[in-house]
Structure formats: structure tokens, C-alpha cells
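Down below is the structure, laid out as C-alpha cells.
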Amino acid sequence: MNSRRFVIFLLCISLAWGKSASAEVVDFFELPKVVGEKSYQLKLKEIEIQKKKVDMDTRNIRYLPTLNFEHAPFFEKIPSDGFDKKGFVTSLNLNWNLQEQGNVFLTNLIMELEYERLLLEYRALFQKELYDQAFQYSETLKLLAFYDYDFSNETDSEKQLETIQKLYKQGIESYLVTQNSKVDYFFYKYNAIKSRLDQQKSQSTFRRKFLLKDVTLKEIPEREFSILPLKETMDEYEKNLSAINFDIVLSINQVKILEIEKQVRFNEMWVPDFFVNMYQNNSRQTIYGINGSFSQPNFVYDYSRGDFSLYANNPDPYSSTGANFGVRIPLFNRWLSKNELDKSKIEVKLAKSQSEFLRENTALYLFELIQQHNNLVELYNISVESRKTAEENFSIMERAYKTGSASIVELQTVDRRQRDVNRNAIQNKYDLIQLRLEIGLLLGDTMKFLR
């Protein structure tokens, strides 16, 4: 890009973004920080992790036995005995189910794996959000560069049309050449308008993702892209895919969870339900008679029985303490437990199959991406060389046209070829950046091949 076009490029960026002096400047390699601070999806995942952390902090409480304390008043009317009773009952009951305690140990393991899964999902989501924004960042720069070229193409083609129209009026150029020049002008004008629309959409997508109202994108520094050796790269990463690719890691985590859930189903079917129960009950009651004598305050005369009955204002409390233990073996429910166990075995088998398929599929996809990358590197290098040659050819043809040794048609042909080559070079550059982002995402580090 020559200096004039570079100036136009900067002006286009300024107009497109509507920048002010206080516009936020975003650097491509600062995107990880921006994603960490502004991603709404990551904030939601953080809240989910915090909720799970509360469960993790209290998981050991689940090992404690069941302990119930009850204290309640009561009232009982006994017409047949001739008196009423009221008072308070207090009970303390301790129950420990050994089968449930075993399942608590397993379900706590599941809880730990689920917490680990949330952390993995957070890291995977971070890389995905980073990939989306880095991809959109490069896409926006590509479309801005396209707009720069399309805008300059429109300007140049308009000047050429004006020149050819003058030559046509002088009888130097034909009507056909004039019409071709007019077609070129409308073609480049159409491309400029469409390019402006495309880059506005891309900018909007980038800004709305993180609610960025006013932002300036810094250019991605030029760098030399080298071919990734196919065999060496595959040997380096293929054997580690189960540890670095987040989709595979999450699938392995899911297999572990299902394996433990299968063991829980097995325990429910085969492990007897041993239980121990200890209790203590206390009651304190007051008995009120129907009739009585003040001369004998501890007794009341019961006319229904014809004798005196004890009148206990504060009798001794009644208490009982005991324990029981035993085994419960479900009979009919075992068939339901067997059904759940069989389903768990199928779920584990399916999850293992999916995990293995995902690993093989990811390895194949990595192989294909590296092939595409290497082919694109060759295209990029060719386009860079072609751009240099096209610019040189245009300079030669422009001098030839000015000296009268070349026609305007020949100049337009070389100019059109130069524009196409320049556009291809831009396309290849940003395609290569985006492909390297995708390979990095596949290997668990989006920016890996662009640092």
C-alpha cells in the first residue's frame, strides 16, 4: 500500500468508527485481557462456579448422621379416666444409614468432578470467546483494508473515465473503450459501497459483543508466516490432544462422572441397608382432676370411680432411652435398581465411544487444518511477490502510456490486475491469521501461533 492509500485508509477508519479523542484503543494482543474483563458469558460462568464452590465447602457435612431434636407441648383429654393431661414432650433421635454414607462418598466425588468440569468449561469458554473476538478483530481489519482499496479503486476509475471521455470527444478513443471504462467505474463504485456496508456490520458485531461504544483497532503487525511441518507438528500435538483440547478433556471428565454414578446404582442394588438408630424421649405432664378437696390437696375424689386419685401438679418426668440397628433389604425395588444400573452401563459405554470418536475426529481435523495452513502460506507468499511484480508492471505501463507507447486499454488492464492482486494479498493475509487462530483454539491456546 503506497503512502497516499495508507492515508486514505486511516481516514476511512476514522470516519467508519466516528472516533473521538477519548476512543478506547484495542490492541490485538491485548484481547485476552479485554475478554477477561468484558465477557458477559464468562461472568455468568463465574457465578455458576461460585455457587458450586459453596457446595464444595460444605460437602463434608454430608458425612454426618441424621440428628433430630423435637420439643413440643401436648394436651390430652381422657373422659374415661376423669382427668386431662397436658405438658411437654422432648425427644432426641440419631440415625446413621451406612448405605447412604457410602453413597455420600461417591456423590462427593461426583461433586468434585463437576466442580472440576466447571473450571474446565470456564477455560474453554474463555478460549472460545477469545477466538470469536480475535477472529472478528481480524475480519474487521480485513474489511477496512478492502474498503480502502475499493474506495481508491472507485476514485481512480472515476478519473480514468473522465480522461477517456475527453479522449473520446477528441476522437482519440473509441466508444467501446469509453463504455468499458464506465462499466469499470460502476463496478468499483458498487464494490466500495458494499465494502463499506460489510465493514460496518463487522465493526458492529465486534463492539456489541463487549458493549464497546467507541473503539479504535490497532493494525496487526506484519510478520513472516512459515510452513508448519506436517509430520512433526502432528507428532508433537496428536498424542497430547486428550490433555490440551478442551472438548476431549470435558468428554473424559463426563466419562469419570458416569463411572461413579454407575457405582452408585450398583450399591443401591447389592449393598444391604445397614442402619443404627439411637433415641431418647422425655415427657413432663400435669394431671387435672374434675373434683377435689382442699383438705387433701394431693388427691381428688373421683366420683365416677368412688375413690381418691393422685393429683400430681409436678410429677416426675417420664423418659426412655434406647437404640436399634438392623438390615433392610429391598425386594421389589431391586428390579428398578437393576434397570438403572443397566442404563448407567450403556451411558458409560456411549460416553467412552463418543470421547474416542472425538479424539480421532479432532486429530483428523488438526491434520486437515495444518494442510490448509501450509497451502495458504504458499498462496500468501505468492500473493506478496505478485503484488510487488504488479506494482512494478503498473509503474512501467504508466510511464509507457504517458510517452504514448501504450494505450489506455493496456493501462487499464494492468491496473485491474494490480487491484486484484492487492485484494488477494489482503485476503490471504487475514485468512492465514484466522486459520492460525483456529488451530490454536483446537490445541487449547487460541493465540498460540500468533505470538
Report summary line: The Cα extents of region 317-356 along the principal axes, largest first and rounded to whole Å, are 68, 23, 14
Report summary line: Taking the alpha-carbon centre of each part, the distance from region 209-261 to region 178-197 in Å is 41 Å
Query raised in the report: How many percent of the accessible area of region 143-235 is carbon or sulfur, using a 1.4 Å probe?
Result: 57 percent
Query raised in the report: Taking Cα atoms, how many degrees apart are the long axis of helix 408-442 and the longest axis of the chain, rounded to 10 and kept between 0 and 90?
Result: 20 degrees
Report task. Mind checking which lysines have their Cα closer than 22 Å to the Cα of Lys189? Skip sequence neighbours fewer than 8 apart in that chain. Result -> Lys142, Lys159, Lys166, Lys201
Query raised in the report: Once phi is turned into ³J(HN,Hα) by the Karplus curve 6.51 cos²θ - 1.76 cosθ + 1.60 with θ = phi - 60°, what whole-Hz value does each residue of region 185-191 show in order, with x for glycine and proline?
Result: 4, 5, 4, 6, 5, 4, 4
Report task. Report the accessible area of Val409, computed with a 1.4 Å probe over the heavy atoms of all protein chains in place, in Å² rounded to the nearest 10. Result -> 60 Å²
Query raised in the report: Cα extents of region 368-451 along the three principal axes, largest first, in whole Å?
Result: 60, 22, 14
Query raised in the report: Can you give the accessible area of Glu238, probe radius 1.4 Å, in Å² rounded to 10?
Result: 70 Å²
Report summary line: Computed over region 181-241, protein heavy atoms only, probe 1.4 angstrom, the accessible area per residue in square angstrom equals 64 Å²
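Report, in deg cm²/dmol and to the nearest 500, the calculated mean residue ellipticity at 222 nm for the chain, where each DSSP H run with n ≥ 4 adds -39500 (n - 2.57) and the sum is divided by the residue count. Walk me through the intermediate numbers first.
Values: 10 runs with 292 residues, N = 451.
Result for the chain: -23500 deg cm²/dmol, rounded to the nearest 500.
Please state, rounded to one decimal and in Å, the Kirkwood hydrodynamic radius that the chain gives when every pair of distinct Cα atoms enters the mean of 1/r.
Working: mean 1/r = 0.0327 Å⁻¹.
Computed over Cα pairs of the chain, the Kirkwood hydrodynamic radius comes out at 30.6 Å.
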Query raised in the report: Translational D (Stokes-Einstein, µm²/s) of region 26-68 at 25 °C and 0.890 mPa s when Rh comes from the Kirkwood sum over C-alpha pairs?
Result: 184 µm²/s
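Could you tell me which of the pairs Lys128/Lys448; Lys53/Lys349; Lys388/Lys429; Lys52/Lys349; Lys209/Lys448; Lys128/Lys256 are separated by over 20 angstrom between their Cα atoms in the structure shown? Present the calculation step by step, with values, prior to reporting the outcome.
Details: Lys128/Lys448 14 Å; Lys53/Lys349 30 Å; Lys388/Lys429 15 Å; Lys52/Lys349 28 Å; Lys209/Lys448 23 Å; Lys128/Lys256 24 Å.
Beyond 20 Å between Cα atoms: Lys53/Lys349; Lys52/Lys349; Lys209/Lys448; Lys128/Lys256.
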Report task. Choose one of Ile329, Gln372, Phe210: the residue whose Cα lies farthest towards the positive end of the charge dipole of the chain (beta-carbon charges +1 Lys, Arg; -1 Asp, Glu; about the Cα centre). Result -> Phe210
**Report entry** Two-site label geometry, Val384 and Lys85: point separation in nm, points 7 Å out along Cα→Cβ
**Finding:** 9.9 nm
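Multiplying the sequence separation of Arg416 and Gln354 by 0.36 nm and subtracting their Cα-Cα distance, what value in nm do you get? Write down the numbers at each step before the final one.
On the way: separation 62, 0.36 × 62 = 22.32 nm, distance 5.16 nm.
Extra length from Arg416 to Gln354 when fully extended: 17.2 nm.
The values are calculated or read from the model by the stated rules, or taken from the named source; none is laboratory data. Treat the numbers as computed from the prediction; the structure is a model and nothing was measured. Cβ: placed from backbone, ideal geometry, glycine included. Neighbour counts: every protein chain shown. When the accessible area is computed, the model is the full protein with side chains, heavy atoms only, and any ligands, DNA or RNA have been set aside. Shrake-Rupley method; radii C 1.70, N 1.55, O 1.52, S 1.80 Å.
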